[in-house]
1. Name the residues in the range 112-122 that are touching a strand residue (DSSP E or B) at 6+ places or on another chain (Cβ under 6 Å) and either over 19 Å from residue 61 (Cβ atoms) or among the β-branched types (Val, Ile, Thr) (or both), would you?
2. Residue check, residue 182 against (1) modelled with pLDDT under 80; (2) under 18 Å from residue 133 (Cα atoms), all met but one. Which one?
3. Would it be correct to say that residue 200 is out of contact with any helix residue (DSSP H, G or I) (no Cβ under 6 Å at 6 or more places or on another chain) and not in a helix (DSSP H, G or I)?
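The values are calculated or read from the model by the stated rules, or taken from the named source; none is laboratory data. What you are looking at is a predicted structure, and each value in this text was computed from that prediction instead of being measured. Reconstructed Cβ throughout: ideal geometry from the backbone, glycine too, with neighbour counts over all protein chains shown.
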Amino acid sequence: MLSAQAKKISLTVVAVVVIVTTILLIFHITGKNPGSARAELLGFVPADATSVVFFDVEQLRASPFLATLHAWAPQPDEDSDYRQFVADTGFNYERDLSQLFIAISNHGASSNTLVIAEGKFDRQKIAAYLGKTSPPVKQGNLTIFQIPARIGAKSASFAFLSDHRVAISDSENLSQILSVAVLAPGRAEWQTRFDRLAGSPIFAVIRQDPAIQNIAANRSPQLAAFIRQLPWITLAARPDGDLLRVVAEGETITDTAASQLRDFLEGIQLLAEGGLNDPKLRQQMDPEERAAYIELLKGTEIDKIGRVNSKSVRVVLPITEQFLKIAKIPAVGATPTPSADSPESASSQKRASKQAKPAKKK
């Protein structure tokens, strides 16, 4: 017979097994692991995708830095259409959205976008809302609702993949886009980058996207030339206490290209620091604004990283709450205009008057 001590140990082991089994059953029945949902969403990359953007809204909600980001971001007024949408569907993205996956296939003249969202959806209400403008049609195993296009845009297709997951695309055949994405042979290349960004609630992975190259060309032809040499670019943001760490990484094939890109970025960093220390600019610039930019530049890290098949240049930017307050000023567009009798206005008028005078003939 078992001793009293042995019986206690046996009962404890049984109790632990029962508790763990119960927790696993409850977890399996009530919902998925957020990490599992994230992995599943990232598996929908189309074969011809050029950019993937991912938001883990649930992870962001748990961060104290979210309030800072929310205060910094422009706050659009809720129009009557959106309020009616929330009332009709019961879906509010600030409250009900968990994860968002966006894949863009941009090939110059043509482009397609695929959006997969995970969250809390009232399937019956949303289907009734969408059915008002478009009766559902079958595409393979999916029930598709067409979303009418606004002027200058393409119409979109909407489908429930489950009670907690929806898909939206401006492609004509959403079912085909999803089935091809699941079988995409190049997914391993994307997955390698996704794995590196596993802890980031916000990230983007870019593979030779013409849109990014065009944006860079409009700002700096030299930067655009470097970007054309980068097969992959990753961007990620992760709250870290009272900071938001933004990491940008560009992959190159050769060590020479990586060294040139690092030197170019370090040169920009030095030029910016020198400009902020210019005596004239120091007089014109708000001290708090200048201090925020100096803090950002001094905290910026630029490194070259060697991997087996590629070389990378990584830039880490520490975004502080103070910097976000400064960065918000241009977005508002409410630069105060000095009064007519103020010293600043008077000096501006004198400069304008001198510039307006025609040059004297010699």
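1. 112, 113, 114, 115, 116
2. (2)
3. yes
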